[in-house]
Amino acid sequence: MPTAAMNHTPALPSRIDGPGAWLGADMARDTRWIEQLSTAEIGEIDAAIQQHHASGRPFEDISRPSFQLPSLGPRLSAMREEVLNGRGFVLIRGFPVERYSVEEAAIAYLGMGAWFGSFRSQNAAGHLLGHVRDTGADINKPATRYYQTNRQLEYHTDSCDIVGLLCLKTSRSGGESRIVSSVSLYNAMMERRPDLAEQLFHAFPTDRRGEVPEGALPWFDVPVFNWLDDQLTTIYVGQYIRSAQQHFAQARRLTDKEQEALALLDTLANDPMFCLQMEFRPGDMQFLHNHQILHSRTDFEDWPEPERKRHLLRLWLAPKEARRLPPSFAARYGSLTPGERGGIIVQGTKLNFSLATA
């Protein structure tokens, strides 16, 4: 294997402790990660929605200062701190989404999301407000993203600091969210197979799925595990690593040991001891720290009626308060400046907030 393809692995801790090193079995019993909105806080959200409507401002003008939440705002800031420097995730419950149109729900979600970070593009079309629905897209086509289908998602991270989801409508069955701490996965690998844990600090070619920035290759090379400032930072999409091996002959070939390391990571992520499964209710808002949380979704069966189909709104967010990222992330994130990094931009991308679901 070419030496140039390998990153120098720093001295690694045998174990990382702290609130980010949680186990799914423990989180299932201790549900302090569920933040219930109060009646007064819902009233603040409603007033902020009406104020935005009355102002006539577009979605792009929604920000922390413009979306006034006198009591809820400081609480959202505390949640952002927990996401960035604590357990890495939060679920906000109690938003009465059934009261609102999709546009009004989007205003509320953008307003609350702005307290977590700035909005980043989620695809080549420049969508700053994403729609997670089964569009009937063919997963065998190179440009299809898995969230456009009803297929189970493997554990992965998104190309931003924080990813958020708002559940508008649930499926007929299935579609549960599953998350796991990458810190805990690292600890388990270091305990069982430290030789394989070290393999994940190598740079892995990862398919861009057709969303290629100008002048870039159709894949990017980045380590799964990164150690910087005494923090483990993870970036991982196993499906797209395998896709790069299949579709791009010029991408570096993985060694048997690297493939064994990826397989162990996936096996541990799916172990009920490590992963936490949660069922979304209408109005639930989930925020995850991509650098320390891998997330997935189970298969789902949707309703036959179009108006009842599973529908989530998604945000990719870049907080100014975020951690420093390794230089290797520039291949995917572009800028490494907190508050201005992450997202997908290609030639011709025009940033927009769309209420269309296709």
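The values are calculated or read from the model by the stated rules, or taken from the named source; none is laboratory data. Every value quoted in this text rests on a predicted model; they were computed, and no experiment measured them. Glycine gets a Cβ as well: all are built from the backbone with ideal geometry, and neighbour counts include every protein chain shown. Just the protein is used for accessible areas: all its heavy atoms, side chains included, with ligands, DNA and RNA removed. Shrake-Rupley method; radii C 1.70, N 1.55, O 1.52, S 1.80 Å.
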HN-Hα couplings for segment 243-255 via Karplus (6.51, -1.76, 1.60; θ = phi - 60°), in whole Hz with x for Gly/Pro, come out as 5, 5, 5, 7, 9, 10, 5, 7, 5, 4, 7, 6, 7
So the carbon and sulfur contribution to the accessible area of the chain, 1.4 Å probe, in percent, is 50
Out of PRO70, ALA54, ILE42 - ranked by how far each Cα lies towards the positive end of the dipole of segment 32-75, with unit charges on the beta-carbon of charged residues - the top one is PRO70
In degrees, nearest 10, the alpha-carbon axis of helix 256-269 is tilted away from the dominant principal axis of the alpha carbons of the chain by 30
Mean accessible area per residue over segment 225-358 (1.4 angstrom probe, all protein chains present, square angstrom) is 44
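Using a simple charge model, +1 on the beta-carbon of Lys and Arg, -1 on the beta-carbon of Asp and Glu, nothing else, what dipole does the chain show about its Cα centre, in debye to the nearest 20? Could the numbers behind the result be given before it?
On the way: 38 positive and 43 negative charges, 82 e Å.
The calculation lands at about 400 debye.
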Out of ASN123, SER182, GLY210 - ranked by how far each Cα lies towards the positive end of the dipole of the chain, with unit charges on the beta-carbon of charged residues - the top one is GLY210
Of the candidates LEU313, ALA197, LEU355, the farthest towards the positive dipole end of the chain (Lys/Arg Cβ +1, Asp/Glu Cβ -1, centred on the Cα centre) is LEU355
Summing -39500 (n - 2.57) over every DSSP H run of at least 4 in the chain, dividing by its residue total and rounding to the nearest 500, the 222 nm mean residue ellipticity is -8000 deg cm²/dmol
A correct Karplus calculation of ³J(HN,Hα) over segment 103-120, with 6.51 cos²θ - 1.76 cosθ + 1.60, θ = phi - 60°, whole Hz and x for Gly and Pro, returns 4, 5, 5, 5, 4, 4, 5, 4, x, 6, x, 4, 6, 9, x, 7, 7, 10
quick shape note, the chain: Cα extents on principal axes in Å, largest first -> 61, 43, 40
Mean accessible area per residue over segment 70-128 (1.4 angstrom probe, all protein chains present, square angstrom) is 30
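Could you size up the charge dipole of segment 16-142 around its Cα centre, putting +1 on the beta carbon of Lys and Arg and -1 on that of Asp and Glu, and report it in debye to the nearest 20?
Values: 12 positive and 16 negative charges, 31 e Å.
So the dipole magnitude of segment 16-142 works out to roughly 140 debye.
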Which residues qualify? For ALA203, with a placed amide H closer than 5 Å and at least 5 residues away or on another chain, they are ASN7
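Using 0.36 nm times the number of residues separating SER66 and ALA78, minus their current alpha carbon distance, what extension gain do you get?
2.4 nm
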Excluding residues fewer than 8 positions from LYS257 in its own chain, the aspartates and glutamates with Cα under 16 Å of it are ASP195, GLU198, ASP266
Relative contact order as a percentage, the chain, C-alpha pairs under 8 Å and 6+ apart, gives 31
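Are there chymotrypsin sites (Phe, Trp or Tyr not before Pro) in segment 159-260 that DSSP puts in a loop and that have at most 16 other Cβ atoms within 10 Å, and which ones?
Working: sites: TYR186, PHE201, TRP219, PHE220, PHE225, TRP227, TYR236, TYR240, PHE248; in loops: PHE201, TYR236, PHE248.
Listed in order of number, the matching sites are PHE248.
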Using the Kirkwood formula on alpha carbons, the hydrodynamic radius of segment 204-354 in angstrom works out to 18.0
